[in-house]
1. Here is a list: Asp101, Asp17. Which entry is at pLDDT below 95, more than 30 Å from Thr300 (Cβ to Cβ) and over 24 Å from the mean Cα position of the chain (by Cα)?
2. Out of region 18-47, which residues are farther than 30 Å from Asp326 by Cβ and within 11 Å of the ligand (Cβ to nearest atom)?
3. Mind checking which residues of region 49-68 are buried (at least 24 other Cβ atoms within 10 Å of the Cβ) and modelled with pLDDT under 90?
4. For region 320-329, indicate whether the set of residues that are touching a strand residue (DSSP E or B) at 6+ places or on another chain (Cβ under 9 Å), within 16 Å of the ligand (Cβ to nearest atom), at pLDDT below 85 and not aliphatic (A, V, I, L, M) is non-empty.
5. If I ask for residues that are closer than 12 Å to Phe143 by Cα and hydroxyl-bearing (Ser, Thr, Tyr), which ones from region 107-130 would you list?
6. Could you identify the single residue in Arg71, Arg83 that is away from the ligand (no atom under 15 Å from the Cβ) and in contact (Cβ under 8 Å) with a residue 60 or more places away in the chain?
7. Among helices (runs of 4 or more DSSP H) lying entirely in region 111-197, which contain 2 or more residues that are surrounded by fewer than 20 Cβ atoms within 10 Å (Cβ to Cβ)?
8. Quick check on my filter: what residues within region 234-263 are modelled with pLDDT of 95 or more and not in a helix (DSSP H, G or I)?
Amino acid sequence: MTFKTLGLSEPLLRAIDKKGYKEPSTIQEKAIPLILEGKDVLASAQTGTGKTAGFTLPMLQILTTESKWKRRPLRALVLTPTRELAAQVYENVREYSTFLDIRSTVVFGGVNAKPQIATLRNGVDIMIATPGRLLDLHNQKAFSLARIEILVLDEADRMLDMGFLRDIKKILALMPAKRQNLLFSATFSKEIKKLAGSFLHHPVMVEATPENTTAEKVDQKAYSIDKPKKTAFIIQLITEGKWEQVLVFTRTKHGANKLCKKMIGAGITAAAIHGNKSQGARTKALAGFKKGEVRVLVATDIAARGLDIPLLPHVVNFELPNVPEDYVHRIGRTGRAGASGEAISLVSQEEKAYLRDIEKLLGQKLEIEIVKGFEPDNSSVKENNNSSSKPKQNHSSKRKDGKKKFYGGAKTNNNRRNYKSNNKTQSR
Ligand code: AMP
């Protein structure tokens with residue numbers, strides 16, 4: 001299968017070529033022809049599957065082939081849960097529309113609204129936006145949604161987690177009833193299905209390869225370690241393993257700041273990214289990390305959602321998430337775009353219940369190791385663990401035994417996923 005056989009136009013093929021993509025990903029192969037046919041699509045795909053191109057390429061094609069407008073009314077809207085994802089989708093839209101007469105813009109909070117309003121008033125075809133700022137600017141009459149032909153809800157599950165349901169409903173009410181709707185979500189809770197049922201018309205369901213693809217490429221490891229020893233351990237992992245780029249997850253914003261400071265104190269360049277940081281600081285941290293100037297990016301779940309950091313070799317769960325689905329999202333940050341990656345979890349006694357929830361979601365147990373010099377005071381994890389409770393000394397990034405996967409191929413079961421939105425967003 002090639003992009004050409006999917007029915008994409010020449011200017012898009014040129015842009016794809018410029019990006020260096022050789023062949024479509026599974027989600028692209030499945031979704032692009034359906035979207036080009038004008039169908040509503042309900043897609044199960046998480047970041048890393050190439051979902052952005054999956055909806056952007058056909059959207060651009062539709063907007064260019066069916067253009068009947070002299071002025072530029074807003075014809076397509078992509079809603080995203082986070083600023084980072086909005087910025088990232090926007091960058092993709094711009095890249096893919098290099099050879100097309102298409103104008104796009106991005107709109108999100110935390111930055112001055114004036115330039116956003118000015119751009120919108122000049123006329124744009126596509127807007128990528130987070131719900132809050134969108135409504136804000138709409139109230140200021142900066143644009144109209146009356147001519148929207150295509151609506152994309154990207155990472156819809158996270159939008160619901162973040163409490164955007166009411167905003168989404170308000171936005172839906174501002175659009176014409178006749179339009180094409182695309183909903184992308186990593187998971188399908190009851191709430192997502194309900195939302196999808198409320199505005200998609202006879203949607204076709206598509207899935208990006210079995211949803212465990214990302215996890216399959218990820219070498220998952222867990223270490224039993226007491227909370228106070230975690231910082232020294234992670235610093236040792238990074239320095240001894242000579243890791244150049246590491247994404248570290250903490251549960252709280254405060255935890256992210258604290259760890260970041262300790263890293264810097266240990267001579268490791270680090271930056272934190274979380275909801276309390278200004279948009280400028282978040283963008284700077286991410287740019288520094290992508291350029292390799294920042295070795296460690298410490299993030300909370302919500303801030304990290306949607307970040308596109310290609311070929312990230314290491315992800316560390318400094319603390320396990322209290323929502324098991326977040327574990328799957330976190331480890332999806334590594335092993336991306338065909339590369340293999342390593343996801344390491346530091347599990348304290350207090351977090352064992354979280355680990356059990358994660359294992360339940362994955363449908364299998366994660367093997368836990370104990371590292372010499374970092375043994376937990378109460379090594380009761382051994383009971384949980386059949387083979388690997390012996391202290392190990394080597395934890396460099398290079399696996400001595402290439403086959404030594406700790407439960408790669410983690411399977412997740414959507415039907416068992418049940419988002420508890422009220423305990424998810426606190427302090428992240
Ligand atoms: P996404 O899931 O949209 O966040 O995309 C994940 C990464 O895969 C991004 O860095 C894309 O640029 C890249 N990508 C998307 N489609 C392809 C493709 N067909 N071949 C190779 N890389 C791709």
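1. From the options Asp101, Asp17, the qualifying one is Asp101.
2. In the first step, residues of region 18-47 are kept if they are farther than 30 Å from Asp326 by Cβ; the result is 18, 20, 22-23, 33, 36-39.
If the condition is that a residue be farther than 30 Å from Asp326 by Cβ and within 11 Å of the ligand (Cβ to nearest atom), then Gly20, Lys22, Glu23 are the ones that fit.
3. Thr49
4. no
5. In the first step, residues of region 107-130 are kept if they are closer than 12 Å to Phe143 by Cα; the result is 107, 116-127.
The one that is closer than 12 Å to Phe143 by Cα and hydroxyl-bearing (Ser, Thr, Tyr): Thr119.
6. Arg83
7. On the way: elements: 114-121, 131-139, 156-161, 165-173.
By residue number, 114-121, 131-139, 165-173.
8. Those that are modelled with pLDDT of 95 or more and not in a helix (DSSP H, G or I): Val248, Phe249, Thr250.
The values are calculated or read from the model by the stated rules, or taken from the named source; none is laboratory data. Model, not experiment: these values are computed from the prediction. Here the Cβ is made from the backbone with ideal geometry for all residues, glycine too, and neighbour counts use every protein chain on show.
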